[in-house]
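Enquirer: Provided herewith is a single structure, encoded as structure tokens, for subsequent inquiry.
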Amino acid sequence: MKHIQIKTIVLATASVVLLGSCKRDFVEIQPRGQFLSANYYTNRDQAYTGLVAAYDVMRKNTGGFENMVTMMNAGSDDNYAGGGSATDGAGIQGFSNYTLNANTIPRSFWSDHYQGIFRANVLLQKLPSIPMDAGEKARFEAEAKALRATYYFNLVRMFKNIPLLLEPLETSDIYSVTQAAPTAVYAQIEKDLSEAIPVLPSSLNMGTEAGRFSKVAAQAMLGKVYLYENKKTEAAAMLAQVNGPTPGQPNQYGNRLLPNFSDLWVFTNKFNAESILEASHSAQSNADWGWWGSSYDEGNSAAQMVGPRSYQKIGANAPDIYTSGWSFNPWTQDFYDLIKNDPRFSSTVLDMKALAAAGEAKYIEGNQNTGYFLRKLIPMRSDIRTGGGSVELNFAQNSYIIRLADTYLMEAEALNGTGARAQALLDAVRARVGLPSVPVSMDAIKTERRLELAGEGHRFFDLVRWGDAATKLAGRGFKAGKNEVFPIPAAELQGTKLVQNPGY
């Protein structure tokens, strides 16, 4: 899909160009095209195209160079920015060492999410007048609200002080928008998800609907939102509906922890029983360098970014991984020392330092090299597609936004790390990988989240939510009261009423 190059806070005018089509697991609409919003949305199929368009921004999780996972990893205590050099990606490098400013923050973290919100708003505005089945119309509305809530949740966590737009703006209003109180944004997120949950289906047809919002996905998102608002009673209650009555057993929707942790990272194991919400990727766009990052490309760029550079397998003990990564997000020594004796180590860390020392493999060291790479995301040689476009831009691995182990640990946290229920939730996550029970506590939950969800983009947000960022990230240059959020991109401030975040 093509970015709309106007003030990205609104991403629209009366003559805005809306999207054509994007292949997702649940739909392939042809031909690609551009439609004026004023003349579009006259029937069910056009509404469906608009819904697919709103879903497309979910790809931001691991799509494009400026994706959520590698960016947020870089600002945590588990990973460095890495890459080819200290100037390889000003935004990701600046976040990793806390020198990010309004000119170096990648604008797409703001604009892409507002693009998704605009698409959802247009669909919500047009749906009432579209002649179509009432039940399907209600479902489209619920999905649009769940998507809008998800995009606002990312925005308010990253930028905190943001405009709250619930309908497409007129051209005359573009420069007069102001920021809403974060509490108002969270209230709208709650409202959207609460209204979506009763309407969304309890199950999906994985042959035709995989990747769409279900009831459990919206419940999980709302429980997470409550946790970030410190509404722990509400969070625990909502997440209990997701996790089911007996931790370690399937919930009422059929979700369960996969028996083998390593199976979570098998390329073809999309939409598995542990997955609650994931970002869909494909090789169908045949992405190439001429338009990478333009929103037409649908590959998983994070998979390309995190592998070692010029990898060469020599011995039989070296994995048969893709050979030409870009060495972003190397693990810190501190994280390596924490996980090295954990059963999840081999699925989480590619230890090139040890492989190279043993003569099993070679690679070229990149920026901030430790020799430890993010194994979860690195594609195997067998994952390389053979179609058109560039190999680097067409990896089709999906990525988790929320999975069941995450919701187990969030509920345990919402229960303040005490009691039999919290103990059972923690035990289930550990038992899956063969670890014994340890007494439940907030410290135990924090450690378990760090090990279980490593490299999935959660750690920085966790540290901020717990109030631990200033301590854990002091050596990186983190300043309390400033670096909990990003600066608002300079281009969004020019000629508008928006105010920059404190400290920037």
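Enquirer: What's the number of the condition residue 361 fails, among (1) touching a Phe, Trp or Tyr at 6+ places or on another chain (Cβ under 7 Å); (2) more than 16 Å from residue 299 (Cα to Cα); (3) open to solvent by 10 Å² or more (accessible area, probe 1.4 Å)?
Expert: (3)
Enquirer: Also, quick follow-up: Which of the residues that make up the stretch 334-376 are over 30 Å from residue 430 (Cβ atoms), assigned to a strand (DSSP E or B) and of a type in the set (D, E, K, R)?
Expert: 362
Enquirer: Whether any residue in the stretch 397-410 is assigned to a loop (DSSP other than H, G, I, E, B), open to solvent by 10 Å² or more (accessible area, probe 1.4 Å) and without any contact (Cβ under 8 Å) to a residue 12 or more places away in the chain is what I want to check.
Expert: No, every residue in the stretch 397-410 fails to be assigned to a loop (DSSP other than H, G, I, E, B), open to solvent by 10 Å² or more (accessible area, probe 1.4 Å) and without any contact (Cβ under 8 Å) to a residue 12 or more places away in the chain.
Enquirer: Scan the stretch 329-344 for residues that are of a type in the set (S, T, N, Q), out of contact with any Gly (no Cβ under 9 Å at 6 or more places or on another chain) and in contact (Cβ under 8 Å) with a residue 24 or more places away in the chain and jot them down.
Expert: Answer for the stretch 329-344, where residues must be of a type in the set (S, T, N, Q), out of contact with any Gly (no Cβ under 9 Å at 6 or more places or on another chain) and in contact (Cβ under 8 Å) with a residue 24 or more places away in the chain: 332, 333.
Enquirer: Let me ask something additional. How many residues, within the stretch 24-56, are modelled with pLDDT under 90 and open to solvent by 60 Å² or more (accessible area, probe 1.4 Å)?
Expert: 9
Enquirer: Right, here's the next one. Just need a number here: residues in the stretch 471-495 that are touching a Phe, Trp or Tyr at 6+ places or on another chain (Cβ under 8 Å), open to solvent by 60 Å² or more (accessible area, probe 1.4 Å) and among the small types (Gly, Ala, Ser).
Expert: Adding up the residues that qualify gives 1.
Enquirer: Kindly indicate which of 266, 225 is hydrophobic (A, V, I, L, M, F, W, C) and under 30 Å from residue 387 (Cα atoms).
Expert: Going through 266, 225 in turn, the sole match is 266.
Enquirer: Still on this structure, please answer the following. Counting only residues that are open to solvent by 40 Å² or more (accessible area, probe 1.4 Å), of a type in the set (A, V, I, L, M, F, W, C), more than 22 Å from residue 264 (Cα to Cα) and under 28 Å from the mean Cα position of the chain (by Cα), how many does the stretch 425-448 have?
Expert: 1
Enquirer: I've got another one for you. In the stretch 324-333, is there at least one residue being under 19 Å from residue 69 (Cα atoms), of a type in the set (S, T, N, Q), out of contact with any helix residue (DSSP H, G or I) (no Cβ under 7 Å at 6 or more places or on another chain) and not in a helix (DSSP H, G or I)?
Expert: yes
Enquirer: Same structure, new question: Only one of 245, 259 is open to solvent by 30 Å² or more (accessible area, probe 1.4 Å), farther than 30 Å from residue 395 by Cβ and either touching a helix residue (DSSP H, G or I) at 6+ places or on another chain (Cβ under 7 Å) or part of a loop (DSSP other than H, G, I, E, B) (or both); which?
Expert: None of the others qualify; the one that does is 245.
Enquirer: Where in the stretch 454-504 are the helices (runs of 4 or more DSSP H), entirely inside, with at least 2 residues that are within 22 Å of residue 229 (Cβ to Cβ) and not aromatic (Phe, Trp, Tyr)?
Expert: Because the criterion is at least 2 residues that are within 22 Å of residue 229 (Cβ to Cβ) and not aromatic (Phe, Trp, Tyr), the helices (runs of 4 or more DSSP H) in the stretch 454-504 that meet it are 459-466, 469-472.
Enquirer: Looking at the stretch 219-236, is at least one residue outside any helix (DSSP H, G or I), on the phi < 0 side of the Ramachandran plot and small (Gly, Ala, Ser)?
Expert: no
Enquirer: Looking only at the stretch 94-107, which residues are touching a Gly at 6+ places or on another chain (Cβ under 8 Å), open to solvent by 10 Å² or more (accessible area, probe 1.4 Å), touching a residue at least 60 places away in the same chain (Cβ under 8 Å) and polar (S, T, N, Q)?
Expert: If the condition is that a residue be touching a Gly at 6+ places or on another chain (Cβ under 8 Å), open to solvent by 10 Å² or more (accessible area, probe 1.4 Å), touching a residue at least 60 places away in the same chain (Cβ under 8 Å) and polar (S, T, N, Q), then 97, 99, 101 are the ones that fit.
Enquirer: Would you please list the contacts, defined by Cβ atoms under 8 Å and residues six or more apart or on different chains, that run from a residue in the stretch 163-178 that is open to solvent by 50 Å² or more (accessible area, probe 1.4 Å) to a residue that is at pLDDT below 85?
Expert: 170/13; 170/14; 171/13; 171/14; 173/10; 175/7
Enquirer: Just for the stretch 150-187: of the residues that are part of a helix (DSSP H, G or I) and modelled with pLDDT under 95, which one is farthest from the chain's Cα centre (by Cα)?
Expert: Filtering the stretch 150-187 for residues that are part of a helix (DSSP H, G or I) and modelled with pLDDT under 95, the one farthest from the chain's Cα centre (by Cα) comes out as 172.
The values are calculated or read from the model by the stated rules, or taken from the named source; none is laboratory data. This is a predicted model, so every value here is computed, not measured. Because the Cβ atoms are built from the backbone with ideal geometry, glycine has one as well, and the counts that use them run over all protein chains shown. The area values use the complete protein model at the heavy-atom level, side chains included, leaving out ligands, DNA and RNA. Shrake-Rupley method; radii C 1.70, N 1.55, O 1.52, S 1.80 Å.
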